[in-house]
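A short worksheet on the structure shown next.
The values are calculated or read from the model by the stated rules, or taken from the named source; none is laboratory data. The model shown is predicted, which means the values in this text are computed figures rather than measured ones. Cβ placement follows ideal geometry from the backbone for every residue including glycine, while neighbour counts extend to all protein chains displayed. Note: areas computed on protein heavy atoms with side chains; ligands, DNA, RNA excluded. Shrake-Rupley method; radii C 1.70, N 1.55, O 1.52, S 1.80 Å.
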Amino acid sequence: DLFVFMHIFDKGYEKKRSKLLGAYLPHPPGKSPNSHLTFKRSQSAFVPTDFKQGHDSASVRSAAVGTTYSQPWYVHTEAVQAALAKHKERKMAVPMPSKRRSLVVQTSMDAYTPPDTSSGSEEEGGQGEGTPTSSQGSISMEHWITRAIHQGSTTSSSSSSTQSGGSGAAGRLADVLAQTHVENHSAPPDVTTYTSEHPVQVERPQVSTVPRTTPKYGNAELMETGDGVPVSSRVSAKIQQLVNTLKQPRRPPLREFFVDDFEELLEVQQPDPNQPRPEGSQMVAIRGEPLGVVTNWPPSLEAALQRWGTISPKAPCLTTMDTNGKPLYVLTYGKLWSRSIKVAYNILHKLGTKQEPMVRPGDRVALVFPNNDPAAFMVAFYGCLLAEVVPVPIEVPLTRKDAGSQQIGFLLGSCGVTVALTSDACHKGLPKGPTGEIPQFKGWPKLLWFVTESKHLSKPPRDWFPHIKDANNDTAYIEYKTCKDGSVLGVTVTRIALLTHCQALTQSCGYTEAEIIVNVLDFKKDVGLWHGILTSVMNMMHVISIPYSLMKVNPLSWIQKVCQYKAKVACVKSRDMHWALVAHRDQRDVNLSSLRMLVVADGSNPWSISSCDAFLNVFQSKGLRPEVICPCASSAEALTVAIRRPTDDSNQPPGRGVLSMQGLSYGVIRVDSEERLSVLTVQDVGTVMPGALMCVVKPEGVPQLCRTDEIGELCVCSIATGMSYYGLSGMTKNTFEVFPMTSSGAPISEYPFTRTGLLGFIGPGGLVFVSGKMDGLMVVSGRRHNADDIVATALAVEPMKFVYRGRIAVFSVTVLHDERIVVVAEQRPDSTEEDSFQWMSRVLQAIDSIHNVGVFCLALVPANTLPKTPLGGIHLSETKQLFLEGSLHPCNVLMCPHTCVTNLPKPRQKQPEIGPASVMVGNLVSGKRIAQASGRDLGQIEDNDQARKFLFLSEVLQWRAQTTPDHVLFTLLSSRGTVLSSLTCLQLHKRAEKIAAMLMERGHLQDGDHVALVYPPGIDLIAAFYGCLYAGCVPITVRPPHPQNIATTLPTVKMIVEVSRSACVMTSQVICKLLKSKEASAAVDVRSWPPVLDTDDLPKKKPPQLYKPSNPDTLAYLDFSVSTTGMLAGVKMSHTATSAFCRSIKLQCELYPSREVAICLDPYCGLGFVLWCLCSVYSGHQSILIPPSELEVNPALWLLAVSQFRVRDTFCSYSVMELCTKGLGLQTESLKSRGLDLSRVRTCVVVAEERPRIALTQSFSKLFKDLGLHPRAVSTSFGCRVNLAICLQGTSGPDPTTVFVDMRALRHDRVRLVERGSPHSLPLMESGKILPGVRIIIANPETKGPLGDSHLGEIWVHCGHNGSGYFTVYGDEALQSDHFNSHLSFGDTQTVWARTGYLGFLRRTELTDASGERHDALYVVGALDEAMELRGMRYHPIDIETSVIRTHKSIMECAVFPWTNLLVVVVELEGSEQEALDLVPLVTNAVLEEHYLIVGVVVVVDIGVIPINSRGEKQRMHLRDGFLADQLDPIYVAYNM
């Protein structure tokens, strides 16, 4: 006795209720709020005190409609209000997303069609309905509501329902066909808002109120990075707000779990020890009353038709209505009989040939009839039954790509349908091809369309007569059913099931001959078909069919027809009752006393109760008796599951249950105490059908009987259910052939049961209660939530003027091994950003409080954009599909991953420091070698290297000028690929002499002075460099300012000149003018430049004598560059190091004077500078110089040069490779025809200071394979600040290898190799072969202890060409010694190492190198200062960026950086700004799934906003500064809650 079944009028609960409502209700003067609510509790004396009286309490699932019910008197609304009030107390400031203005100001209002406020057939998950009324209707609605409350009327006023039934797209064929002349193809106006009276203001407040300052970055090496964030910026204020919000304690505490050595395990939700568990005894199956054997019941439905068609041919069978509510046509039983025979004859004999008929008995045919033509449908349906073919009624396809019609096509195909029966008007309205034929719809089989109008058919011969048999086990018809995932199944119903079902309905509903029944439901399927087409014929009843198009125009039409025809029965959905309520304006002539039964088809939906109550409340005074309302429960598989019987005895009260939502989520029935807000009130749907047996089984796993206080799936054993899913034997077995068993495992019956798809329980007295559908079930961390319940809560959040009532979809998506709830609603075009955002945050809070579950994502889309079902509801699976593929185009998104995602791995606790010694011992014990490797030993290499005689490069050049004066060292190409200029050994020597003379004469420089060389890439730069060496000065190469972007690039030049303490600047005439221009003086203080020398004007004479350097350890040059983190650093390169460097490269690449090398690199720092300026002089080979900037004009320049000069070795950067891949992707054929041939290339080395970009090198290799490029030729090098080249793939030696490592282990600084393609695998490519003379070790960056092979650590290098230190103004000695002169804390503590600042690992491969040694491969993972410490683990930005770029085709580039403990993701959007918000959920999901991280902020920007340095590396710290200073002009910024 869990429930109290009480008289519907009992008012014991009123006191409580008045307290709840007191605040909201206006009181008549002089009366206390409670004065009209005092009732005797006489009738409830027998109620046990601990039970709640069953009438609507703060529990009714309900919601406000438009602006109609602005008073929060709805009971569910009360619960929501209370929940929100609770939140207000701990009010949290939630940062609002920022939008670019172009996204906010929508098109003008005229361009909007308000969406159909209706929402569709419930099996599609459409929920809620709008109200087709005028504003006065709404006002009178409020009027009766307040009146009802004031008069203390006998029934507690209840709420409207948000349940929906079918509904319509305005231009729907089905409705237009009736009046084909109407050209109205726009949606009906949504009159729930008073649009007419208030013109809508389209001018929106501009979102960005801060004046845009010009972005301060490009190469903004100037910006101080670090945490010096400008506090005034809006962005950082918002982030601060977000951080504060996230600091608040979250509901579910993380539970214990184990961290394996590598695996961080996802936390498994442990069951809550306090969760309610079922305690009742095991239920017993409940049997319905016996199906009475009535003598005159016909032996089959066709026999019934024959009987009435011959003995009462004039009796009316069906009356159809036009859109004005006038009877259009009356179909009599005689006409139905004769026309059905005609259709049967024509189907069997007039399709195909006599020998080869197209349709034989038992074949399936489609029935395609619009919703306003039930007569034609009925004739066709009975024609099929008489011909013994199987009708498959489906919706009219509207367009070639209708959301659900493709799936219906698959159903028709699988049923082998080749013929579609249709009406004349419908046939004319179908889309036509150019030649007038009906096109094949997407996914549909080829169909013959056959019109069933009598005038098109031949008369059957006199002697032809259909064979009328008794009902048997042949299939009678197939009803389609749409599943949760959008697929469509066909449920087969046999002739005996069809007949038995009609008999059971006749008995339960007490149908008698010639009764009049009004049907508002869809007559093609479900309750509408069973009552309005089938059972009605068995009993010779008269059906008044109300088309949906009429309901849209006049929602009261069904009530008017009940009065007009004095109908005994009406079949409606709660939506129709709701509409009638709102449209009802004290109509004097309404009298519903003729009704003995009002079948509520969706009475099993938890929200229909509120519609039933509210309807009774209003129409009781119009003769409606309470016992007339008969909710029923049905499903496609089990047909009618239960129906409340119409009784004459008004003393038998209907059942009510007020259930705890918390209990329900654990599948347990608990009657709730009155105080609780989160409750669900359910009404009974009557008792089990006659002749049926019902039980409740557990929804998952084996069909075991539930306990009495447990929610499960209802199962029915009866002749009157579906037989199978057509053509799907496996699914059929699981649904139609279920054998429920007791806890001991014994089956309860030898007959199979059918699963109904409904969740519920059987209460006392055998009353059936339904609490939800299997399809709407979402299991979030082990608790079950019903989509419908969540919709109801969202709808109860006031004010409703921001979203359309019926247009809310709720579904779950699986992210990180759990279901996450997504809510999508259509937003009204006139609501502002702030309004919608406020509404969204309130919805989140309400759902959180009432259901105790977090919403993962809440999205608002523009009006009318959600995919619709044929009856206008929301096509749920299609909506989900669009959401997942990022094409939903929302206009507002709020993600709350922080609340929902509670199963993340526990943050890693750092182990208390294990000393380096024990690490080493541990490695030795476990048999891992200490990770170290080296290139070939320089001392043992025998080579006839003449240049080795000289200690200084300047001497090498003088020697070459004497011995091979005409040997060409450098050739510079123009953008057209022609030779612009070249230099022989002698020309370079002479040119350098003149420059040296100029430095001494005009510059008055001493030896050892620093000189800044500001040249474009070319030959002048090389000459100036050697000129400095000849004069004993120290050169610094500087990238010249960009003429189009002086403001951002010139300050960098100035900074390098100042920091390097240059005594003078040498440059070309053009740049000289640029430095003195007006633009330049605007950017920097021009007066403070050191003297500027223009080398285009050289003195004629050579210097008196060249500088003879004596000490090789003195400075040769300074290498200045900006790191990706924005730090400017100059590295000192001594003469010794420079010569050693050149020799190392010469040996690795086998460079001789006879060789030619093509170089497409920037010549300003690192290996690029060395290859461009130094190597040719040292080794004597010819360098073909290609400035990378020229590739922007002519992307093919580099490859054409390589081909034309027949080069074997070439060097490039990633940016060059990317330019070629993107720019030449479609031109490979034309390049081939121009003779481009890359087959001679042995090595193509990418010069880089980062992890190899494996995807780019692979796509480059693939793309140019057809042009002869050997895939093994492409490799990469690795250098850094302390050593400009550590690895470089040479000519000999093994090919670079690729390994796959486990990304999860890498986050813990472990290296675990996995197979290619395994989950969480990350491909890493070796960074080239270690250069001769280089030693490498992997050390722990914190403890400085050596690490074993399987560990990720910092790469340390010992080598002759290491830099000798930083050149700084401040003399920051600590940093200097740490980076250049580090010692291991354990093991070999003597060697001096330089720290590269990069994390990587070594791996001994199976390959051997030239000397026969095992080859050690170095893998670079990423820069230490770019790595992010999040949740105790180490992440590399590139890994997260790779995941993000893969999520959506419109994401062109991505950069991530941390801010406080939040992860900020910036994505560049290619495509329309409307797609910006699609990216937010996709990015959040991908990062969660692949990296177990919650994204804090998603920033969507234009292409080109993410700054990239000259090496093609992302400047993430710059981006961070730009974001925090609010300089990015983002399209959208989402703050994940």
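By per-residue mean of other Cβ atoms within 10 Å, what is the highest-first order of 893-904, 1218-1229? Provide the component values of the computation, followed by the final result.
Numbers: 893-904: 21.9, 1218-1229: 14.7.
The most tightly packed comes first, giving 893-904, 1218-1229.
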**OP:** With just the Cα atoms of the range 666-761, tell me how far they stretch along each of the three principal axes, in Å, largest first.
**Re:** 50, 29, 25
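Hey, what D do you get for the range 1174-1259 in µm²/s if you plug the Kirkwood alpha-carbon radius into Stokes-Einstein at 4 °C and 1.567 mPa s? Walk me through the intermediate numbers first.
Working: Rh = 13.9 Å.
Rounded to a whole number, D works out at 93 µm²/s.
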Subject >> Accessible surface, the range 604-733, averaged per residue in Å² (probe 1.4 Å) >> reply: 28
Original post:
Which cross-chain or sequence-distant (5 or more) residues have an amide H under 5 Å from the amide H of Val1034, H modelled 1.01 Å from N in plane?
Top reply: Gly1008, Asp1009, His1010, Val1011
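Output the peptides 849-855, 1285-1291 sorted from most to least packed, where packing is the average of other Cβ atoms within 10 Å over each peptide's residues. Don't skip to the answer; put the middle values down first.
Values: 849-855: 21.9, 1285-1291: 24.6.
Going by the mean number of other Cβ atoms within 10 Å, highest first, we get 1285-1291, 849-855.
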Original post:
Tell me, what % of the accessible area of the range 1392-1447 is carbon and sulfur with a 1.4 angstrom probe?
Top reply: 47
Original post:
How big is the shadow of the Cα convex hull of the range 1043-1148, averaged over all directions, in nm²?
Top reply: 10.0
Subject >> Accessible-area composition of the range 1081-1163, carbon plus sulfur, in percent [1.4 Å probe] >> reply: 54
**OP:** Mind grabbing the base-10 log of I(q)/I(0) for the range 1239-1323 at q = 0.19, 0.20, 0.22, 0.27 Å⁻¹? Debye formula, identical points on the C-alpha positions, no solvent, two decimal places.
**Re:** -0.99, -1.05, -1.13, -1.24
Subject >> Debye, to nearest 20: dipole size of the range 402-505, +1 on Lys, Arg Cβ, -1 on Asp, Glu Cβ >> reply: 140
Original post:
Given a 1.4 Å probe, how much area per residue of the range 540-592 is accessible, in Å²?
Top reply: 29
**OP:** Give the Rg (one decimal place) followed by the Dmax (whole number) of the range 724-785, computed from C-alpha coordinates and expressed in Å.
**Re:** 14.3, 39
Subject >> Size of electric dipole in the range 941-1082: Cβ of Lys, Arg +1 and of Asp, Glu -1, about Cα centre, debye, nearest 20 >> reply: 580
Original post:
When each pair of different Cα atoms in the range 545-661 is counted once in the 1/r mean, what is the Kirkwood radius in angstroms, to one decimal?
Top reply: 14.8
Original post:
Between Rg and the Kirkwood Rh of the range 1166-1208, both from Cα atoms, what is the Rg to Rh ratio?
Top reply: 1.01
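Quick check: convex hull of the Cα atoms in the range 1108-1150, volume per residue, rounded to a whole Å³?
Values: hull volume 3.6 nm³, N = 43.
That works out to 84 Å³ per residue.
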Subject >> For the range 724-853, the Rg and Dmax computed from alpha carbons only, in angstrom >> reply: 19.8, 62
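Beyond 18 Å, how much of the Cα-Cα pair distribution for the range 1379-1537 remains, as a whole percent?
Values: 8210 of 12561 pairs.
Of all Cα-Cα distances in the range 1379-1537, 65 percent exceed 18 Å.
Summarise the long-distance tail of P(r) for the range 922-1080 by giving the % of C-alpha pairs beyond 21 Å.
In whole percent, the share of Cα-Cα pairs in the range 922-1080 beyond 21 Å is 60.
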**OP:** Obtain the radius of gyration and the Kirkwood radius of the range 470-555 from its C-alpha atoms and give Rg over Rh.
**Re:** 1.03
Subject >> Per-peptide average of other Cβ atoms within 10 Å, ordering 466-478, 856-868 highest first >> reply: 856-868, 466-478
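How big is the Rg/Rh ratio for the range 573-633, C-alpha atoms only, Rh by Kirkwood, two decimals? Walk me through the numbers on the way to the answer.
Details: Rg = 11.0 Å, Rh = 11.6 Å.
Reported Rg/Rh, Kirkwood definition of Rh: 0.95.
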Original post:
Using just the C-alpha positions of the range 800-912 as equal point scatterers, what log10 of I(q)/I(0) does the Debye formula give at each q in 0.12, 0.16, 0.20, 0.22 1/Å?
Top reply: -0.46, -0.75, -1.11, -1.29
